[in-house]
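Right, one structure below, let's go through it.
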Amino acid sequence: MTAVTEEHLGDAVSDLRARLEGVLALPGEAGYDRITPWNVTVPVRPRMVAFVASADDVSTVMRFATQHGLRVAVQSTGHGALPGVGAGTILVHTGALSGCQVDARNRVARVGAGVRWQQVFDAACPHGLAPLSGSAPGVGVAGFLTGAGIGPLVRTFGASSDYVRAFEVVTGTGEILRVTPEQHPDLYWGVRGSKSTLGIVTSVEIELLPITEFYGGALYFNGADAAAVLHEWARWGVGLPETVNTSIALQQLPAVPGVPAVLAGRLTVAVRYTAVGDPGEAARLLAPMRAVATPVLDTVAQQPFAALGAVHADPVDPMPVHEGHALLRALPAEAVDTLLAVAGSESGSVQTVVELRLLGGALAREPRHASALCHRDAAYSMCLIGAPVGPVAEQVVAHSRAVVAAMAPWATGGQFPNFAPEAGAERLRRCYDEDTLHWLGQLASRYDPVGILAVGQVARL
Ligand SMILES: Cc1cc2nc3c(=O)[nH]c(=O)nc-3n(C[C@H](O)[C@H](O)[C@H](O)COP(=O)(O)OP(=O)(O)OC[C@H]3O[C@@H](n4cnc5c(N)ncnc54)[C@H](O)[C@@H]3O)c2cc1C
């Protein structure tokens, strides 16, 4: 890559601006600050931002960056933002790629890279069709799927990225490719799990499922019942069929609009539950959790599929976030006691949420088309969310690491690429097994030989 200098860039930037259908913004120019990510703690200060309007725009940016010794990063919502986007980087912002069409007959949604899951719910559910989103409808579809994506129905249907029928991808060389199991199958394998390592997705076609309702919601318990609830959840989860999905969260939610008063400013425990199929059977399976203590709030019911986002009730508005994450192979009673000691009612935990998701079921089976998603055999995903602000900022990060360390005896050593984003070789080795990392590296040398996309969490060593 050629080193970048100001003289070098001056006229070239005007030229780039003229060639783009979308808008280019430099620091201080109108629009530049629209890139503040959802996770507001992460500084995102690129050399310039291209609010792209088409795949051609992305291709133009790739070629410009190659010519001028810059790198290219991509952002949609900023839910997974991480540091490193600075003066050597052009940020491709996908917000304007906002098309979302549902082909009900073929059960497919064609969505632009700037679309959030909520938009897909709004377009698909009126046709009786369901998208396999994650827990938060505000997350971007493309960022979620390139991280392979697990949602509240993961045990029933597997990873959401297994339901991608096609991507449009702009590679690091600026080529615009249609990627399917038959066309560029190497990219079809790699894009599902390697984030933006191999290219920037400009649109995606996802399969929709003929589901109109689910049985689910959350049982919220007092923090004082945390030990009884968590122990029972661990025992109960082991025998559940894969029609049933569950997660549990030790929560200390702030008193802000949208948080029910009964859950605010104290420790509560949320047992989330999502099931498709016979609601009577789903209710029967949940009965042991309903009996373990008296819930302070019970939102579990037969619900329209469009209400799926309410199960986890993740925060919607931008906020400061520090994430911790680990995959666990088992959750014996000793592990539950350990977690309670570091994150339970007497622990002095400073995390907003400490969550365990039960995995297994369809996730653990190889899908029809293999992908770069590793660690399908993990039994639980543990995720911590804290707000690193004010006097507790450093404490939040240190405590998050301490919780992850305490659970190490039960951890697989792996991670999913979507959670607790981070750059660096150590992180890559946790996200991918050796073969996958090797092949992603080979593909990266082919589709991005100069390393234009080597910013942040890309899977090349
Ligand atoms: C509240 C909350 C709930 C979540 N729930 C879940 C969940 O249930 N399951 C789950 O799997 N994950 C979950 N996540 C993680 C989320 O899926 C990732 O953070 C994801 O990367 C967010 O994508 P985004 O586009 O919204 O964010 P962004 O910060 O805009 O993008 C994050 C990264 O995704 C990649 N990316 C984004 N757009 C593109 C593109 N067009 N082409 C190629 N790569 C791209 C890039 O590497 C980018 O740096 C959650 C995160 C939050 C904050």
- Query: How about region 153-168: which of its residues are open to solvent by 10 Å² or more (accessible area, probe 1.4 Å) and either near the ligand (Cβ under 9 Å from one of its atoms) or in a strand (DSSP E or B) (or both)?
  - Reply: R165, E168
- The strands (runs of 3 or more DSSP E) lying entirely within region 277-361 that contain at least 3 residues which are under 18 Å from G134 (Cα atoms) and either of a type outside the set (S, T, N, Q) or away from the ligand (no atom under 16 Å from the Cβ) (or both) are 322-328, 353-358
- Which numbered condition V300 misses (of (1) more than 15 Å from Y215 (Cβ to Cβ); (2) touching a strand residue (DSSP E or B) at 6+ places or on another chain (Cβ under 8 Å); (3) touching a residue at least 24 places away in the same chain (Cβ under 8 Å)): (1)
- Filter result (under 24 Å from the mean Cα position of the chain (by Cα) and either open to solvent by 20 Å² or more (accessible area, probe 1.4 Å) or more than 15 Å from the ligand (Cβ to nearest atom) (or both)) within region 55-76: R71, V74, S76
- Regarding G174, is this residue crowded, with 18+ Cβ neighbours inside 10 Å and either of a type in the set (K, R) or at positive phi (or both)? yes
- Note on the structure: Of P332, P391, P318, the only residue that is open to solvent by 60 Å² or more (accessible area, probe 1.4 Å), out of contact with any Asp or Glu (no Cβ under 8 Å at 6 or more places or on another chain) and in contact (Cβ under 8 Å) with a residue 24 or more places away in the chain is P318
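Condition first: assigned to a loop (DSSP other than H, G, I, E, B) and in contact with a Ser or Thr (Cβ under 9 Å, 6 or more places away or on another chain). Now tell me which residues in region 387-414 satisfy that.
Result: A387, P388, V389, M407.
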- From the options R368, R376, residue that is over 17 Å from N39 (Cβ atoms) and open to solvent by less than 50 Å² (accessible area, probe 1.4 Å): R376
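Considering only residues of region 218-268 that are among the aromatic types (F, W, Y) and in a strand (DSSP E or B), which is least open to solvent (accessible area, probe 1.4 Å)?
Result: F221.
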- Query: Looking at region 350-357, is at least one residue within 30 Å of L440 (Cβ to Cβ) and not hydrophobic (A, V, I, L, M, F, W, C)?
  - Reply: yes
- Please go through region 45-54 and pick out each residue that is surrounded by fewer than 20 Cβ atoms within 10 Å (Cβ to Cβ) and among the basic types (K, R). R45
- Message: Looking only at region 13-39, filter to residues that are open to solvent by 50 Å² or more (accessible area, probe 1.4 Å) and in a loop (DSSP other than H, G, I, E, B); which one of those is farthest from the ligand (Cβ to nearest atom)?
- Response: G28
- Within region 176-196, is even one residue near the ligand (Cβ under 7 Å from one of its atoms) and touching a residue at least 12 places away in the same chain (Cβ under 8 Å)? yes
- Message: Can you tell me how many residues within region 187-213 are farther than 26 Å from H375 by Cβ, in a strand (DSSP E or B) and either open to solvent by less than 10 Å² (accessible area, probe 1.4 Å) or hydroxyl-bearing (S, T, Y) (or both)?
- Response: 2
- Being basic (K, R), within 28 Å of Q67 (Cβ to Cβ) and in a helix (DSSP H, G or I) is the filter here, so list the residues in region 424-461 that pass it. R446
- Query: V42: closer than 28 Å to P449 by Cβ and open to solvent by less than 20 Å² (accessible area, probe 1.4 Å), yes or no?
  - Reply: no
- Of the numbered conditions (1) in contact with a Leu (Cβ under 7 Å, 6 or more places away or on another chain); (2) open to solvent by 40 Å² or more (accessible area, probe 1.4 Å); (3) among the acidic types (D, E), D448 fails exactly one; give the number of that condition. (2)
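The values are calculated or read from the model by the stated rules, or taken from the named source; none is laboratory data. Because the structure is a prediction, the values reported are computed rather than measured. All Cβ positions, glycine included, derive from the backbone under ideal geometry; neighbour counts span all protein chains shown. Ligands, DNA and RNA are excluded from the accessible area calculation, which covers all protein heavy atoms including side chains. Shrake-Rupley method; radii C 1.70, N 1.55, O 1.52, S 1.80 Å.
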